Amino acid sequence: MSKVTALTAGPLDPRAIDELATSFRGELVRPRDAIYEEARRVWNGSIDRRPELIARCTGVADVIAAVRFARTHDLLVAVRAGGHSFPGHSVCDGGIVIDLSEMKGIRIDPAARTARVQAGALLGELDHETQAFGLACPSGIVTHTGVAGLTLGGGIGIIMRKYGLTIDNLLSADVVTAEGEFVKASESENADLFWGLRGGGGNFGIVTEFEFRLHRLGPHVVAGPVFWRMEDAPQVLRFYRDWIADCPDELMTIVVQRKAPALPSVPPDLVGERVVSVVCCYAGPVEDGEKVVAPLKQFGSPVLDLCVPKLFLAQQSMFDPSFPPGWWYYVRSCDVSQLNDHVIDIMVEHGQSISSPVTTIALWQMGGAVSRVGDDETAFNGRTAGHTFNINGNAKSAVGFEEEREWARSYWSALSPYHSSVYVNFMMEEGEERIRQAYGAEKYERLKTLKRKYDPENLFRLNQNINPG
Ligand SMILES: Cc1cc2nc3c(=O)[nH]c(=O)nc-3n(C[C@H](O)[C@H](O)[C@H](O)COP(=O)(O)OP(=O)(O)OC[C@H]3O[C@@H](n4cnc5c(N)ncnc54)[C@H](O)[C@@H]3O)c2cc1C
């Protein structure tokens, strides 16, 4: 059982499921059930898999029961939180989905500035609770993404340059191991496991609850995109590179290339035009933020400027309409150390050939607090990256999807001389060698040792898998 071959497994005896029902409080969804079709669906519409059983857990006891059941019956296991895995790791053909999406409890301690978050919570739900106290936990940029999967891969987001990755704010985690045992992980308890959970994905067990450190933020921040026509990209990107060279940690930016979307904030004559935008967020006082972003807003001839003081919550949901569930998504990703002229030329060339109205490229500015955590302190790799590319070849359905995939691959291949690391949460099914590259040889070996300790039979293998073999 140590090698990943396919996302499939053998049939499951229905009597065994009836037996599980006696020790399981949540819903057990089978193919014959009315809600099965909805329950097996994940965010990426291009993923179409049919598990034999979906175990919708209500708490830790259900997770333990589901893990033990999977072991006893030698089932392929998929673990689902927010369901946003790009390659669809949270659903399988045959086997069992251990579905945590109903476990949504979030408790803020405003005095200690911490949050306890169950594994089914989504980013928007966490932001909603934290912002009620003027606090924030660094996470990602689309509200319907799951806290769990995002955290376990690292968690990059719009305030990370000031406050670090999501994992840099993880204080402890409750975990159900592959043996079905409950353990805690923190700097002082099972520290080896805690290291692996911070970037090693779902390889080492099922996290049932996270404890995070929070920071004062908002409610208003200066944030949002400034847009230029794609023809201006050569000048805009060069200006951008120089402008961010010595910017404060409070400023985080993402360059986006796409066709302007049909949204109320976009003038009708711009919709469908290829644009390059710089999305900002200043994690500090509004007056300071306005000063810092002023040069960007004044550069060249922007066709739309939406970078203004706004609620942090409004910024956090800004990207939601661009990534609805059900469209067909494909991603290629890489880190680059710097935005040199060659990289800019590749961006300009490929930006001009964007065809799908829903394809997007995001170039994330890294650095700041992320780069000041020691490389060995967590399993996450890529702390020294200058930028992270997320090249999304998207289509609303199967129509045109293959072309978008090809386009994304060609953009990514053109960048190959400049690839450094890669963020595991932005990977598709790319094979063991690519996973080794993602972590680097040394970290990969350390992760392997940990995997042998916590999951030697590779029960948790639908992920960016650390093969214990
Ligand atoms: C629209 C969109 C926006 C995104 N934006 C960002 C972003 O801003 N920043 C960023 O860093 N990433 C981002 N990502 C990538 C995201 O971090 C990953 O896709 C992540 O896996 C999503 O987590 P999930 O819980 O929603 O997914 P799921 O599909 O539910 O889980 C993904 C995998 O994580 C593991 N897993 C999930 N929950 C648990 C658990 N409780 N215990 C153990 N293993 C578990 C499993 O292996 C599972 O297969 C984005 C993805 C999408 C689709």
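Read the figures in this text as sums done on the coordinates, not as results from a lab. Just so we're clear, the structure is a prediction, and the values are computed from it rather than from any experiment. Backbone-built Cβ (ideal geometry, glycine too); neighbour counts: all protein chains shown.
The figures follow:
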quantity	calculated
Nitroxide proxy distance, nm - points 7 Å out along Cα→Cβ at SER301 and ARG50	5.7 nm
Nearest-0.05 FRET efficiency for PHE133 and GLU445, computed from C-beta distance (R0 41 Å)	0.45
Low-density loop cleavage sites - GluC sites (Glu not before Pro) in the range 97-135, where at most 16 other Cβ are within 10 Å (DSSP)	GLU102
Residue list for the range 108-130, given a label point 7 angstrom along the Cα-to-Cβ vector of VAL183 and an amide N cut-off under 20 Å	119
Overall form of the range 332-444 per C-alpha gyration tensor (a/c, 1.5; a/b vs b/c)	prolate
Rg/Rh (Cα only; Kirkwood hydrodynamic radius) as it applies to the chain	0.96
Nearest-ten-degree value, helix 441-454 long axis tilted from longest Cα axis of the chain	30 degrees
Proxy reagent accessibility, fewest Cβ within 10 Å first, across ASP93, ASP232, ASP62	ASP93, ASP232, ASP62
Descending semi-axes in Å of the range 126-208, equivalent ellipsoid built from Cα gyration tensor	23, 13, 12
Helix 233-244 axis, angle to the chain major axis (alpha carbon atoms, nearest 10°)	80 degrees
For the range 398-468, the Rg and Dmax computed from alpha carbons only, in angstrom	15.0, 45
Helix-derived mean residue ellipticity, 222 nm - over the chain, DSSP H n ≥ 4, -39500 (n - 2.57), to 500	-8000 deg cm²/dmol
Given LYS104/LYS184; LYS104/LYS448; LYS104/LYS259, the pairs whose alpha carbons are separated by over 24 Å	LYS104/LYS448; LYS104/LYS259
Mean-position separation - Cα centroids, the range 421-435 and the range 341-380, in angstrom	15 Å
Residue order, fewest to most surrounding Cβ atoms within 10 angstrom, among ILE159, ILE435	ILE435, ILE159
For the range 55-81 versus the range 272-292, the gap between their alpha-carbon centres in whole angstrom	43 Å
For the range 283-323, radius of gyration divided by Kirkwood radius, i.e. Rg to Rh on alpha-carbons	1.01
Sum of side-chain charges, MET103 neighbourhood, beta-carbon under 14 Å (Lys, Arg +1; Asp, Glu -1)	-1
For the range 69-226, fraction of C-alpha pairs farther apart than 22 Å, in %	40 percent
The range 209-360: C-alpha gyration tensor shape, a/c 1.5 cut-off, then a/b vs b/c	rounded
Cα pair distances exceeding 19 angstrom across the range 274-364, given as percent	57 percent
Leading residue at positive end of dipole, the range 285-444 (Cβ point charges), from VAL424, LEU311, ASN381	LEU311
Average Cα contact separation per residue, the chain, under 8 Å, 6 or more apart, as relative contact order %	17 percent
Crossing angle, helix 286-298 versus the chain [Cα axis fit, 0-90 degrees, rounded to tens]	60 degrees
Lys, Arg +1 and Asp, Glu -1 on Cβ, resulting dipole of the range 402-461 about Cα centre, debye, nearest 20	520 debye
Amide N proximity, the range 208-228 versus GLU290 label position 7 Å along Cα-to-Cβ, cut-off under 19 Å	218-226
Net +/- balance of residues flanking THR360 in space, Cβ distance below 10 Å, scoring K and R +1, D and E -1	+2
Cα-centre dipole for the range 251-407 with unit charges at Cβ (Lys and Arg positive, Asp and Glu negative), debye to 20	280 debye
Counted charge near PHE380, where neighbours are those whose Cβ lies closer than 12 Å (Asp, Glu -1; Lys, Arg +1)	-2
Difference of contour (0.36 nm per residue) and Cα-Cα distance, GLN235 to GLU429	66.3 nm
Residue order, fewest to most beta carbons within 10 Å, for LEU306, LEU450, LEU171, LEU263	LEU263, LEU171, LEU306, LEU450
Lys, Arg +1 and Asp, Glu -1 on Cβ, resulting dipole of the chain about Cα centre, debye, nearest 20	160 debye
